[in-house]
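Okay, so here's the structure we're looking at.
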Amino acid sequence: MTTAKIGKHEINFSLEGDAGAPLITFVNGLTQSVGLWTAYSKHFAERGYRVLAYDMLGQGRSSKPVLSIALEDHPRTLAALLDHIGAERTFLAAISFGGIVAIDFALAHGARLDGLVLMSTFADLTPQLEFLGAALYEGLTQVGLPYLQSLLYPMNLSGAWIAANRERIPEMRRAGYIGNDLYALQNLMESFVTFTPRGPRLHEVACPTLILNGEYDFFTPRECHDLMRREMRNSRLVLVQRAYHAFTLEMPAITMRQIEHFVVSVREGRWRGDQSVWVAAEDPEAEPPAYRALGDHMRAIPPFEVPAEAAGKAVR
Amino acid sequence: MNPDLFDAARRRLERSGFDPDAQTKIALFLNAAKTSNATFLGAAQLLPVGDLVMQFLQAQQFRELEFVALLSRVTRWSLDPLVYAASGVIVAPLWSHWWGGTQGATAATPAGAEQVYAGLAFGHALLAHVRLTPVIPAGGDPLDPFAVALQRIEQENGRMLQTQIRLLKEACTELPVERREAVVEEKSQLVEAAFARFLAWLAAA
């Protein structure tokens, strides 16, 4: 880990891969830290990329301003961090809270982007998301950080993952508790007091954009991602099967495959941002890595032709 | 805060358990944190205000004193005088802050405003940075009175901290924001440094 002095703040970051290689930058979700991208850094560095991951202001081992953190501080900080490492351009991959940072960066510094990967995120606060955010905020401030952690595990991860990692979870929670500070998380959440919908400006984002949405993500559900697909002309939406909100953690192999396929497609000039909807293959080695979604992708019930006989019974 | 400091302290406690020396070290440091904040809050009662803010400050003062009583009651105190002597050195920066910085908190002058702000920033740093639940050994008795007391204190710290968070953002606005940020940073570094030294001391055999 290295620290960069950005203005009066310190930003903790990791940088893997050779200087001069195409850069992929990862942006954390709310309670995450740079360490959660370690496997991604290794994977992409071994394939000839340079990989930057960092703790946002208010996170991990970066500075945690007490008085306030404004949403507009984050894209400014990222631009300065890119300057610090001497990178003019980057692919930018971001999850959840980091997605807003990435969208704001694309709106303010779009010329520096080779491509954008938006995962489990949103451009507008839907009523459901607004209420969920308020409940999380209330939990953090009235009950405490451990309560927020207790809530986020089952919200963001599948029952299968929780069952498989039950023994590890207390240590993961402890590490998260040490790495996060209540007041800093609260500041990040309170920065949404001045949030304005980004939807009306998404058409300004011209770079290739891959939008990834977990099939079972009820935190930032399909409508959040479909709005971005509809408004971003150079985009595609890929649905990740059986995935919840934190699929970067739960399904790293599938996620890395989708990101890699996107980056290679863009670099080789094969990318088609046609606002189409795809489904990621469950096997990360599968070829092709995704197939076209059939039917109504907004529905959770699998679309299929109802046999006439069954339809008749349903009517009766 | 460096996670290694928490890990080293927990490893020590996993070997020894919450023995009287460990409990005494923790109780002396936490009690110093609580009483130094409560002392500022006590002085703040003399400020010429009687609004909702004052109620929060008073409530926090008495909660802090309750936790000193709780912790002191459940602690198995060490019989080793050196533990107490060494603790005096560890907690000295917290008390010297009080004697050197916030005594004049009631003065209704610009200097007084800065002292009030310094007291609030000091309280924020104490409630935010002094966190001991990560050193509780894994797999220990969940009903151990000392561990339960630490958890209760820390959970309440998060709630009490809301008073400082709001006031640091909204009070003493006659001070330039750069000055307020500098005061907050100074207190944060003071408490973090003292707490880091404490964790290293706790980790020592």
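Against the test of being touching a Phe, Trp or Tyr at 6+ places or on another chain (Cβ under 9 Å), of a type in the set (Val, Ile, Thr) and within 14 Å of chain B (Cβ to nearest Cβ), the options A:66, A:117 yield a single qualifying residue, A:66. Taken together, B:197, B:159 contain a single residue that is part of a helix (DSSP H, G or I), more than 10 Å from chain A (Cβ to nearest Cβ), surrounded by 14 or more Cβ atoms within 10 Å (Cβ to Cβ) and among the basic types (Lys, Arg), which is B:197.
For region A:15-49, a residue qualifies if it is farther than 18 Å from residue A:102 by Cα and in a strand (DSSP E or B), and the qualifying residues are A:15, A:16.
Residue A:27 - would you say it is more than 14 Å from chain B (Cβ to nearest Cβ) and without any contact (Cβ under 8 Å) to a residue 60 or more places away in the chain? The answer is no for residue A:27.
Rundown of residues vs (1) modelled with pLDDT under 95; (2) farther than 30 Å from residue B:183 by Cα, yes/no style:
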{"site": "A:12", "(1), (2)": "no, no"}
{"site": "A:43", "(1), (2)": "no, yes"}
{"site": "A:70", "(1), (2)": "yes, no"}
{"site": "A:94", "(1), (2)": "no, yes"}
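Apart from one condition, residue A:19 fits all of (1) at pLDDT below 95; (2) crowded, with 19+ Cβ neighbours inside 10 Å; the exception is (2). Taken over region B:29-55, residues that are among the hydrophobic types (A, V, I, L, M, F, W, C) and touching a Gly at 6+ places or on another chain (Cβ under 6 Å) amount to 1.
For residue A:202, the conditions (1) of a type outside the set (Val, Ile, Thr); (2) more than 14 Å from chain B (Cβ to nearest Cβ); (3) more than 29 Å from residue A:264 (Cα to Cα); (4) part of a helix (DSSP H, G or I) all hold with the exception of (3). Only residues that are without any contact (Cβ under 8 Å) to a residue 12 or more places away in the chain and either acidic (Asp, Glu) or within 11 Å of another protein chain (Cβ to nearest Cβ) (or both) were counted across region B:130-156, and they come to 3. Evaluation of residue A:143 against the conditions (1) over 27 Å from residue A:242 (Cα atoms); (2) touching a residue at least 24 places away in the same chain (Cβ under 8 Å) shows that the sole unmet condition is (2). Residues in region A:217-242 that are without any contact (Cβ under 8 Å) to a residue 60 or more places away in the chain and among the hydrophobic types (A, V, I, L, M, F, W, C): A:232, A:238, A:239, A:240. Residues that are within 17 Å of residue A:103 (Cα to Cα) and outside any helix (DSSP H, G or I) within region A:210-264 comprise A:210, A:211, A:212, A:213, A:220, A:232, A:233, A:234, A:235, A:236, A:237, listed in sequence order. Residues in region A:50-80 that are surrounded by fewer than 19 Cβ atoms within 10 Å (Cβ to Cβ) and either in a helix (DSSP H, G or I) or hydroxyl-bearing (Ser, Thr, Tyr) (or both): 4 in all.
All conditions but one from (1) over 26 Å from residue A:47 (Cβ atoms); (2) touching a Phe, Trp or Tyr at 6+ places or on another chain (Cβ under 6 Å) apply to residue A:250; the one that does not is (1).
The set of residues in region B:14-26 being crowded, with 21+ Cβ neighbours inside 10 Å and either within 14 Å of another protein chain (Cβ to nearest Cβ) or not in a helix (DSSP H, G or I) (or both) consists of B:18 alone.
Screening region A:134-146 for residues that are surrounded by fewer than 16 Cβ atoms within 10 Å (Cβ to Cβ) and of a type outside the set (A, V, I, L, M, F, W, C) and picking the one that is nearest to residue A:218 (Cα to Cα) gives A:138. With respect to being over 30 Å from residue A:19 (Cα atoms), loosely packed, with under 14 Cβ neighbours inside 10 Å and within 14 Å of another protein chain (Cβ to nearest Cβ), residue A:149 falls outside the description.
Taking the criterion of being aliphatic (A, V, I, L, M), more than 25 Å from residue B:8 (Cα to Cα) and either more than 8 Å from chain A (Cβ to nearest Cβ) or out of contact with any Leu (no Cβ under 9 Å at 6 or more places or on another chain) (or both), the residues of region B:166-194 that qualify are B:167, B:171, B:175, B:182, B:183.
Filtering region A:271-283 to residues that are under 17 Å from residue A:116 (Cβ atoms) and in a loop (DSSP other than H, G, I, E, B) leaves A:271, A:272, A:273, A:274, A:275, A:276.
The values are calculated or read from the model by the stated rules, or taken from the named source; none is laboratory data. None of these values were measured; they are calculated from a predicted model. Ideal geometry is used to build each Cβ from the backbone, glycine not excepted, and the neighbour counts take in all protein chains shown.
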